[in-house]
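The values are calculated or read from the model by the stated rules, or taken from the named source; none is laboratory data. Nothing here was measured: the structure is a model prediction, and the numbers come from that model. Quick reminder, even Gly has a Cβ in these numbers, built from the backbone with ideal geometry, and neighbours come from all protein chains shown.
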Amino acid sequence: MSYLYFPGCSLKGTGRAYEESLLAVFRALGIPLAELADWNCCGATAYMSIDERQAFALAARNLALAEAQGASDNGAIQLIAPCSACYLVLLKAQRHLMTDTAFRQEMSGVLPGNMGDPGQIRIRHPLDVLVHDVGLQEIARHVRQPLRGLKVASYYGCQIVRPFALFDRPHDPSTMDDLVRTLGAEPVDWPLKTHCCGGSLTGTMPEVGLRLNYLLLREAQRRGADLIITVCPLCQFNLEAYQDFIRRRYPDLAPMPVLFFTQLIGMAMGLPPRELGLQRLLIPVEGRMAALSKEGAHARA
Amino acid sequence: MSERPVAGDKGFEPRIVAFFCNWCTYTAADLAGTARMAYAPNVRIIRLMCSGRLDPQFVLAAFRHGADGVLIGGCHPGDCHYQEGNYKALRRYLLLKRLLREMGIEEERLRLVWISASEGDRVQKVANEFTETIRRLGPLRLAPRPGMIRLPAAAQPEPQPAAREGVLP
Amino acid sequence: MRAHEIYPNGGPRIGVYVCHCGFNIAGKVNVREVVEFAKTLPFVVVAREYKFMCSDPGQEMIREDVREHRLDRVVVAACSPSLHEATFRRALEQAGQNPFFFQMVNIREHVSWVTEDPREATEKAKALVAAAVRRVIFHEPLQRRRVPVKDRVLVVGGGIAGIHAALTLADAGKHVYLVEREPTIGGHMAMFDKTFPTLDCAACILTPKMSQVAAHPNITLWTYSEVIQVEGFVGNFRVRVRRKPRYVIEELCVGCLQCIDACVYKDARFPDEFNLGLGKRKPIYIPFPQATPRVVLIDPETCIWFKTGKCKQTCLEACERAAIDFKQQERIEEIEVGAIILATGFKTFDARRIPEYGYGKYPNVYTALEVERLVNASGPTGGEVRLRDGRIPKRVGIIHCVGSRDERFNRYCSRVCCMYSLKLAHLIKERTGAEVYNFYIDMRTPGKGYEEFYDRLLQEGVHFIRGRVAEVTDWAITPDEEGKLIIRVEDTLVGAVRRIPVDMVVLAVGLEPQPDADEVRRMFNISCSKEGFFLERHPKLAPVSTFTDGIFLAGACQGPKDIPDSVAQAGAAAAEALALIDKGFVELEPNTAYIVEALCSGCKTCIGLCPYNAISFDEARMIAVINEALCKGCGTCVAACPSGAARQHLFEDAQIFQEIEGVLAYV
Amino acid sequence: MSKPKVAFYWCASCGGCEEAVVDLAEEILQVVEAVEIAFWPVALDFKREDVERLADGELVATFINGAIRTSEQAEMAHLLRAKSQILIAFGSCSHTGGVPGLANLYDREEILRYVYEEAPSVINPQRVRPEERIEVDEGMLTLPSFWGAVQTLDQTVEVDYYLPGCPPPVGLIRSALQALLSGNLPPKGSVLAPDVALCAECPRKPTKPERLALKELKRPHQVLIDPETCLLAQGLLCLGPATRSGCGAACITGNMPCTGCLGPTSRVLDGGAKALSAVASILDATGEAEIERILEGIPDPVGLFYRYSLPASLLYRRVGNGERAREGRSS
């Protein structure tokens, strides 16, 4: 199976490490990813709340492109959207196209492709693809450096299992816990998997946004997590970038690395750190890993 | 057979005869009524005790007398009040569909549905969907049949059937 | 052939009556127009309208017309025949006419209530009336069949509803078979400590009834037994019951329980079903001290003899009456009864289906049923409310509507949870002095003394927070939350999200149909409503009857119900069964199939089709014959008869052909 | 006193019915003795004028075989009706449409195109078709018009009695003639055959099991047919249960299933539908896929259930495109 890949703006900007690690992992697993040519803004967040129709139109154009570019492939067109916001807005737009015939007709007049059947595109999150298409067994086969002893808190954020719970339970998702186990690490029982990261409040109402971040980080710390993994560029940014600010207000917070889940997979697969964008982390993870392997060696000895 | 009404502003209005079994489908239609679930008025329900009573002659008679579609309603498989009348209905229905196909009648004009006594909403849904299906197909243009259609002899109130015929040999 | 061709010298005289049903019909259908239309139909002598045809004056109108106009056919266009067909047939009978010269037109349920446009509704009503007029011409005089009724009753389920129904019938002198799946009767009620709103002790009011059942000469009690097959029909059901082996001879066991003491297992170590696993039992056990019958049983899953074939069988030695029988086999009993009452009860919602409430994850999250056992004096803690770690909770949260009023699971209200939550709140506060919080969506306390009980709880200082709980978590933010379960909820009265730390969470789980309700209803040939509870014949007028004559419903198998309602319904079901039996016979609808013998070719097509073996082949005459006593009137053989020799009363081909033409003649 | 006059005529038919009359063998002499044959174009040289010359009702009885397909057949039917006291539809074609009635599965244009252009034995490069009228030097030539559909006799004129069968069995003809000559006739409209289905007189009846449950349907050419056992029990679709008796189970005696030529009993409105119902009822399957698999054994339901009766059936003829429907009965 081959996949189309819709990066969205974050993966080319603040979330560059996400793209790097995602591409590296897929490459290592031998799964081709073809970047959607001429993609545009997905239409998410701010756009959606100001003008829904235009936001849907933006997303619809991406879907039309996918339909045209994926058409040669047999079977359903698989479109991977790693950013949670892109993933959700594409899903919403797809449903809108399928139910609102007037909108669909309007779009088919101005968009590339014939918009024959918007339902034939399967919009996928890479976590879903890796766990359900590739499979944990196949991933386990590629693990070169099992992350033994590493305690990982999995963080999903608000958008990828709600409102569309397409591959995991909306209240207590567990796909990443299964993945963490496959990588040799230990998932932390952490009840905040889908609690709010503050979203854009970190910028607009820092008091509130930072506190939300603090609660997430502190709970992960209290439950013994060595690091947090996430699936969303905004969550990753919020959780990682503000830790200094947060610590000024809440001094009990120790530095907590926040990784994209693909980075963790790459680490377990033994891919070079640079290919995974690990150097871009503000709170480095190598030290922790080193300590772990020393502990491990100690324990083995 | 009465003349088809002149198309009003609504155009073609399908005529649909529905044969509903007493225990499940007819009761479900009653429930749809009690719950005020409005549906297309085109569907005219005739009550049978069981979908197993559905004689294929009834379906053909309905088409002959002007029905554009015929709906058969029975209990879900395994739920028949008479144990398995609905399976007999299913067999007759499937063979009848083959006959209709050969006679140039769109198969969708005959539909068998399983509706339990508690599925009033399904009566509404099926009635509306089926009416739309028939509306899309348009009127059933059965060629007019010359001659009179006699009622079957046995059931005429008089003269009594046994006495009427069979003088020979 | 048209009717007027068949009757060249005057034909049937038909009266057509169109009911307004207040505004129910007249609000949509132009009744006057339907009446005027009916007057134009062949053989219609009179056509009238009336506000309520089913009322006395309405019926009298028919009777008068039958006499005055010599009507011999009547059509009433009103509600569903399931409601008033019998009423109007009776009116015909009273006027000296055969009741089957009647046809009912359903212009309420099938027309006025389901049609938006008055014009279309009126046209549809006209078409249906035309069909009925054509049909009724071809009706024939018929006699109802009378079938004797067996004077015994089967009650399935030995909860409070089944017990009450059985005792009512037995006291009236009828023999009752009471079949219960569990080793004891008592059902859910036996698990409760107190009952709302009076707080009288459940055991004190239930156990005397249980002993009465055991002692009653008119009751055959079969516990640990299941109905496996039902055949026949009203008045004459043949039922097979499987009696599972308890490995103890019921007639010999006196319930001294010495065998339990003697068991090679010195300590009780297996989860005790009756206490929902909160307590322990031995392989040989009695569910609870007042179990009825007071007979022990052996669980072969845990008994070392059954598992290994090696045991000293100390129980056997301990039993002075030699009641223990390791070789006991299951037995199949066959009984014949005239009526059946289903009182199979409910199951509680599986709280694991809502993972965010933490049941099964956090040990201090309990279901309400478990707490019923905890507060019960004969329960595993002797009535003390203690957590699994032995602590006594200081703060307790009770979450309402778990699995009820929830689009994801059950849309319906389970009716009893608000009240039992209040009861548990009271008992917990009384026993522990804890602060108790109720998290509710709406308080539903409609019942005698219920609202007053709610008031009492408010006075007692129990807290009520209005809002659907989002989650139960061990995620502590503040120091006072440490080590506690935190209930996160939007308090919709305050308009804020709150976090309430507690030691114990009680989930007020809703009531659901038994997991095998679908199989049971198939066995008894009845219907289920959408949610899976057994469907009553009519929600208002026949709430304990089913669509299968002779089978009645009692208690929560028909829908969530509290004890008073279950008992009331059980009484009603018993009365219905009694009325049926005391009459001594049932009158069956004369819609049987019959074969015109002179016309049957003996092709045997029909014989294998009959689900009731009512058709046989007469080898002497080489034709098929129908035993009308066995025929239930489905008409399958009639539809199949290739030469039209098989026919069905009330559903003659000609009648149906006329109906078909009729509904199509006017559009 | 002159002998009563009778007439025989044929319309759309194969001639088999005429043979059936001759099958009376020497008995026919008694018939000829008793009546005067006023019109029998197959056997004797008669012209239409011979009929036209008769007074209305002068013929005591007329036997018409064959279905009605052309304007000429209809004209003759009307003419003979007027001249006859009793009109008898003779044989399946006039009774219920017969085998020619299966043409109602096609429309007029399809038939003409096939017969004059597409049939393998046709060489007709100019695609010449017969014209109803053509001007030649000698004047105007006309042909009867070919109708859009086949009709039964009673769909054309009023019929008094029916003698069913393809052809009518000799026994039934004999009884009918006796009844006619003795004046001992049943009510008008009767079918002059027993009103009980064929199983009643089938020699294989004792071998029929009480519960038929067919898992597979077979056609006669696919199996070696046991000459003793009930054919349905062998999985062969015998229409005996749905067909009048009176033929002495002739086909079955010849080891072939009944195909229903005597038509349904008087209690049945649409014989094909009734037979279909009976066949479907005795299939041994409850799942849709399994039922469909068994039904594959009926490749041509119309040909099976309406072999002799399509024009008399409720559906009458195939529903086609707009052209067919509009055309109806073009004359």
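Key figures for this structure:
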| quantity | calculated |
| --- | --- |
| Verdict on C:His110 being closer than 23 Å to C:His649 by Cβ and in a helix (DSSP H, G or I) | no |
| Unmet requirement for C:Cys610, which otherwise passes all of (1) within 30 Å of D:Pro203 (Cβ to Cβ); (2) surrounded by 20 or more Cβ atoms within 10 Å (Cβ to Cβ); (3) out of contact with any helix residue (DSSP H, G or I) (no Cβ under 8 Å at 6 or more places or on another chain) | (3) |
| Some residue of the stretch C:258-267 being assigned to a strand (DSSP E or B) and either closer than 24 Å to C:Phe547 by Cβ or among the basic types (Lys, Arg) (or both) | no |
| Residue selected from the stretch C:622-667 under the condition of a type in the set (Asp, Glu) and touching a helix residue (DSSP H, G or I) at 6+ places or on another chain (Cβ under 6 Å), by the criterion surrounded by the fewest Cβ atoms within 10 Å (Cβ to Cβ) | C:Glu652 |
| Residue satisfying all of: in the stretch D:81-128; in contact (Cβ under 8 Å) with a residue 40 or more places away in the chain and polar (S, T, N, Q); farthest from D:Gly66 (Cα to Cα) among these | D:Ser84 |
| Elements of type strands (runs of 3 or more DSSP E) contained in the stretch C:470-549, each with 2 or more residues being touching a residue at least 40 places away in the same chain (Cβ under 8 Å) and over 14 Å from the mean Cα position of the chain (by Cα) | C:485-491, C:496-502, C:504-509 |
| Residue among C:Ile205, C:Ile228, C:Ile163 that is in a helix (DSSP H, G or I) and touching a Lys or Arg at 6+ places or on another chain (Cβ under 6 Å) | C:Ile163 |
| Selection count where residues are under 20 Å from A:Val110 (Cα atoms) and of a type in the set (A, V, I, L, M, F, W, C), scope the stretch A:28-47 | 5 |
| Residues of the stretch C:362-384 classified as modelled with pLDDT of 95 or more and over 31 Å from the mean Cα position of the chain (by Cα), total | 4 |
| Members of the stretch C:153-166 found to be more than 23 Å from C:Gly235 (Cβ to Cβ) and more than 14 Å from the chain's Cα centre (by Cα), listed by number | C:Gly158, C:Ile160, C:Ile163, C:His164 |
| Some residue of the stretch C:462-480 being at positive phi and either surrounded by 16 or more Cβ atoms within 10 Å (Cβ to Cβ) or at pLDDT 95 or above (or both) | yes |
| Residues (out of contact with any Pro (no Cβ under 6 Å at 6 or more places or on another chain) and surrounded by 16 or more Cβ atoms within 10 Å (Cβ to Cβ)) located in the stretch C:299-312 | C:Trp305, C:Cys311 |
| Single condition C:Glu5 does not satisfy, out of (1) more than 23 Å from B:Ala29 (Cβ to Cβ); (2) assigned to a helix (DSSP H, G or I); (3) more than 14 Å from chain B (Cβ to nearest Cβ); (4) modelled with pLDDT under 95 | (3) |
| Pair list, Cβ under 6 Å, 6 or more apart: the stretch C:598-619 residue within 9 Å of chain D (Cβ to nearest Cβ), other residue in a loop (DSSP other than H, G, I, E, B) and of a type in the set (Asp, Glu) | C:Lys604/D:Glu210; C:Ile607/D:Glu210; C:Phe617/D:Glu210 |
| Subset of the stretch C:620-667 that is touching a strand residue (DSSP E or B) at 6+ places or on another chain (Cβ under 6 Å) and in a loop (DSSP other than H, G, I, E, B) - its residue that is farthest from the other protein chains (Cβ to nearest Cβ) | C:Cys631 |
| Residue check for A:Pro112: over 20 Å from the mean Cα position of the chain (by Cα), surrounded by fewer than 21 Cβ atoms within 10 Å (Cβ to Cβ) and under 28 Å from A:Phe237 (Cα atoms) | no |
| Evaluation of C:Met210 against (1) surrounded by fewer than 21 Cβ atoms within 10 Å (Cβ to Cβ); (2) assigned by TED's automatic domain parsing to the domain that holds C:Asp582; (3) of a type in the set (A, V, I, L, M) (one fails), failing number | (1) |
| Residues of the stretch D:260-290 classified as surrounded by fewer than 21 Cβ atoms within 10 Å (Cβ to Cβ) and more than 14 Å from chain C (Cβ to nearest Cβ), total | 4 |
| Answer from D:Ala285, D:Ala249 - the residue that is closer than 23 Å to B:Arg53 by Cβ and touching a residue at least 24 places away in the same chain (Cβ under 8 Å) | D:Ala285 |
| Only listed residue being out of contact with any helix residue (DSSP H, G or I) (no Cβ under 7 Å at 6 or more places or on another chain), closer than 30 Å to C:Glu384 by Cα and among the small types (Gly, Ala, Ser), chosen from C:Gly235, C:Gly277, C:Gly309 | C:Gly277 |
| D:Cys238 being in a loop (DSSP other than H, G, I, E, B), crowded, with 16+ Cβ neighbours inside 10 Å and touching a helix residue (DSSP H, G or I) at 6+ places or on another chain (Cβ under 6 Å) | yes |
| Helices (runs of 4 or more DSSP H) contained entirely in the stretch A:1-104, each with at least 1 residues that are buried (at least 24 other Cβ atoms within 10 Å of the Cβ) | A:8-12, A:16-29, A:52-70, A:84-99 |
| Among (1) under 25 Å from D:Cys202 (Cβ atoms); (2) modelled with pLDDT under 95 - the single one C:Ala624 does not satisfy | (2) |
| Residue in the stretch C:448-460 that is touching a Leu at 6+ places or on another chain (Cβ under 8 Å), assigned by TED's automatic domain parsing to the domain that holds C:Asp389 and at pLDDT below 95 present | no |
| Exclusive hit being assigned to a helix (DSSP H, G or I), touching a residue at least 12 places away in the same chain (Cβ under 8 Å), assigned by TED's automatic domain parsing to the domain that holds C:Ile14 and out of contact with any Asp or Glu (no Cβ under 9 Å at 6 or more places or on another chain), set C:Ala91, C:Ala125, C:Ala121 | C:Ala121 |
| Count - residues of the stretch C:133-167 that are buried (at least 23 other Cβ atoms within 10 Å of the Cβ) and not aliphatic (A, V, I, L, M) | 8 |
| Output for the stretch C:180-193, where each listed residue is in contact with an Asp or Glu (Cβ under 7 Å, 6 or more places away or on another chain) and not in a loop (DSSP other than H, G, I, E, B) | C:Met191 |
| Test: B:Leu99 is over 18 Å from B:Leu48 (Cβ atoms) and within 15 Å of the chain's Cα centre (by Cα) | no |
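Per-residue answers, yes or no, for (1) farther than 19 Å from C:Ser545 by Cβ; (2) among the aliphatic types (A, V, I, L, M):
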position: C:Ala568; (1), (2): no, yes
position: C:Phe585; (1), (2): no, no
position: C:Ser616; (1), (2): yes, no
position: C:Cys631; (1), (2): yes, no
